[in-house]
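Undergrad: Submitted below is the structure of interest, expressed as structure tokens.
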Amino acid sequence: MIYKRHIYMVMALGLGFTTTMNSQKQKMMKTSISKEQQEVLYAIESMTKSFNDKDIDGVMSSYEDGALVIFEPETPVRDVKILKEMFLGAFGINPQFAYPNGHEVFVNGDAATHIAPWVMTGKAPDGTPIRQTGLSVANLRRQKDGRWLLIFDNPHGSFLLNQ
């Protein structure tokens with residue numbers, strides 16, 4: 001069962017994603033990024049675009065089997081059916097993500113970490129504007145075919161700072 005608070009928290013799935021990223025100049029930790037960093041950032045952008053386009057198949061295909069997603073602080077979700085339900089529930093608020101402060105991408109062999117502060121806007125079912133912010137911390141793994149897939153996704157990376 002999807003609870004109202006889950007729906008509002010899932011919309012905060014920054015996961016490093018925004019449809020506006022393609023139209024704005026990417027801010028990275030340095031001016032020149034490696035091919036591997038670009039590939040990781042592309043994986044994040046693709047997931048974000050799928051999410052903002054309400055493309056559940058695109059969203060789900062961004063994750064490796066068994067991926068762990070933190071929809072709410074201290075509430076990890078790994079079950080594919082629940083993940084899909086949570087994403088579908090979030091589509092109802094038409095969330096849009098932006099990364100005004102840029103991205104950090106670190107690659108170590110076949111593992112990568114993406115870190116980015118995010119801002120999400122949307123509308124509650126009653127039309128009330130919603131605005132949330134957070135820090136996305138996501139880990140990705142390079143697959144045998146070269147694609148990068150999310151294995152850990154926590155849009156609440158700053159949770160402990162707010163305690």
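Undergrad: Treat each spin label as a single point 7 Å out from the Cα along the C-beta direction, and report the Leu68 to Arg141 distance in nm.
TA: 1.2
Undergrad: Under the classification rounded if a/c is under 1.5, otherwise prolate if a/b is larger than b/c and oblate if not, where does the range 67-151 fall, given a ≥ b ≥ c as square roots of the Cα gyration tensor eigenvalues?
TA: Oblate, since a/c reaches 1.5 and b/c is not below a/b.
Undergrad: Sort Ser50, Ser62, Ser34, Ser158 so that the residue with the fewest other Cβ atoms within 10 Å of its own Cβ comes first and the one with the most comes last.
TA: Ser34, Ser158, Ser50, Ser62
Undergrad: Are there any trypsin sites (Lys or Arg not before Pro) in the range 60-163 that are in a DSSP loop and have at most 10 other Cβ atoms within 10 Å? List them by number.
TA: On the way: sites: Arg78, Lys81, Lys84, Lys123, Arg131, Arg141, Arg142, Lys144, Arg147; in loops: Arg78, Lys144, Arg147.
For trypsin sites (Lys or Arg not before Pro) across the range 60-163 that sit outside H, G, I, E and B with at most 10 neighbouring Cβ atoms in 10 Å, the list reads Lys144.
Undergrad: Then there's this: Take the cross-link list Lys35/Lys84; Lys35/Lys144; Lys35/Lys81 and give me the ones stretching past 24 Å between alpha-carbons.
TA: Values: Lys35/Lys84 31 Å; Lys35/Lys144 17 Å; Lys35/Lys81 34 Å.
Long pairs (Cα-Cα over 24 Å): Lys35/Lys84; Lys35/Lys81.
Undergrad: If you don't mind, another one. What percent does the relative contact order of the range 32-81 come to when contacts are Cα pairs within less than 8 Å and at least six residues apart? Don't jump to the answer; show the numbers that get you there.
TA: Working: 25 pairs, mean separation 10.2, N = 50.
Computed value for the range 32-81: 20 percent relative contact order.
Taken together, the values in this text are just the output of simple stated rules run on the coordinates, not laboratory data. Given the structure is predicted, the values throughout are model-derived calculations rather than measurements. As a convention, Cβ positions derive from the backbone with ideal geometry for all residues, glycine included, and neighbour counts pool all protein chains shown.
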